[in-house]
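Peer 1: Can you read through this structure? Questions will come right after.
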Amino acid sequence: MNLHTHSIVHYLWCAQAILQAAAASILWRRKLHKQFPVFFFYLLAQVVNFLCLFPLSLSSNYKLYFILFWVGEAVDAYLGFKVIHEIFLDVFRPYHTLKDLGTLLFKWAGIVMLLVSLVVAFSNSSDHSPVFQALTTLQRSIRVVQVGLILFLLLFSRFLGVSRKQIGFGISLGFGFIAGVELSLMALNSGGFVSYRYLNLLNMAACVLAILIWLGYALLGKDVRVVAVNRLQTERWEQGLADLQPLAPSDSLIPMFEGMVERAFSRSSTLEPVENPSPLERPSVPAKANSAAAGSKARP
């Protein structure tokens with residue numbers, strides 16, 4: 001990388017931090033950080049990462065720089081995956097059963113991606129360290145999920161009542177744009193069409209454009225859902241999953257035993273035989289009935 005390209009990368013890096021800080025402040029002022037706390041923390045983490053790495057990039061302490069760089073990449077991968085989960089929860093907010101299913105799928109998807117990253121890291125025979133291989137594979141997997149997220153919202157937004165002016169759609173659009181550009185550049189670089197000199201530069205430019213998208217949606221601040229086109233079909237999905245969902249077992253056996261004991265006592269009290277009462281304890285209802293009957297017979 002020549003000096004001119006290196007300077008442009010530094011300018012784009014500084015622009016990223018400034019725009020991310022501006023987007024975080026707008027989310028805070030409009031109280032949107034309560035709706036998207038993970039995304040708000042993601043922006044703050046990116047700003048803190050810049051404040052730690054940028055002075056080290058200007059100095060000669062390359063060892064500390066690379067250590068903090070990969071720590072930041074690990075935090076970025078984790079928060080990026082959590083932001084996807086947060087957007088899915090916002091999309092399925094009116095549909096509780098679909099939201100529970102999405103949460104379960106995300107947990108298993110995270111476990112599978114982590115296992116795949118570890119297997120690729122320790123089975124690869126390249127010169128890179130296993131930590132480098134694991135984080136790179138994990139980050140690429142998350143980029144694929146982010147591209148799938150924006151494609152899912154583009155295809156199913158009409159069914160779920162998601163407006164393209166919603167801030168959740170804007171967040172997913174920015175992540176999908178970053179992921180699409182990064183994956184495309186990786187494919188072009190592996191084919192020899194894009195050199196490493198311009199790879200980082202184009203990635204930084206894509207990140208700046210994505211942050212501008214987030215900044216625009218934060219300024220709009222709209223969170224109004226539209227009427228779903230096929231709402232009945234979505235409600236049938238919700239009802240079908242609710243019918244398939246088994247009853248959740250109790251957290252403890254003590255409430256179950258208490259309920260069994262109460263039912264046993266109530267059943268025994270209803271089935272207990274009544275002793276023959278004494279003449280003084282006999283109810284007066286039959287007597288009233290007999291006297292009424294006798295009175296009716298005494299009438300002419």
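Peer 1: Filter region 180-213 down to the residues that are β-branched (Val, Ile, Thr) and part of a helix (DSSP H, G or I) and list them by number. So that I can check it myself, show each step before the final result.
Peer 2: The initial filter retains those residues of region 180-213 that are β-branched (Val, Ile, Thr), namely 181, 194, 208, 211, 213.
Hits for region 180-213 are 181, 208, 211, 213.
Peer 1: Kindly check whether there is at least one residue in region 53-73 that is surrounded by fewer than 17 Cβ atoms within 10 Å (Cβ to Cβ), in contact (Cβ under 8 Å) with a residue 12 or more places away in the chain, more than 19 Å from residue 90 (Cβ to Cβ) and β-branched (Val, Ile, Thr).
Peer 2: Checking region 53-73: not a single residue is surrounded by fewer than 17 Cβ atoms within 10 Å (Cβ to Cβ), in contact (Cβ under 8 Å) with a residue 12 or more places away in the chain, more than 19 Å from residue 90 (Cβ to Cβ) and β-branched (Val, Ile, Thr).
All of the numbers you see were taken from the coordinates with simple rules; none came from a lab. The model shown is predicted, which means the values in this text are computed figures rather than measured ones. Cβ atoms come from the backbone with ideal geometry, glycine included; neighbour counts cover every protein chain shown.
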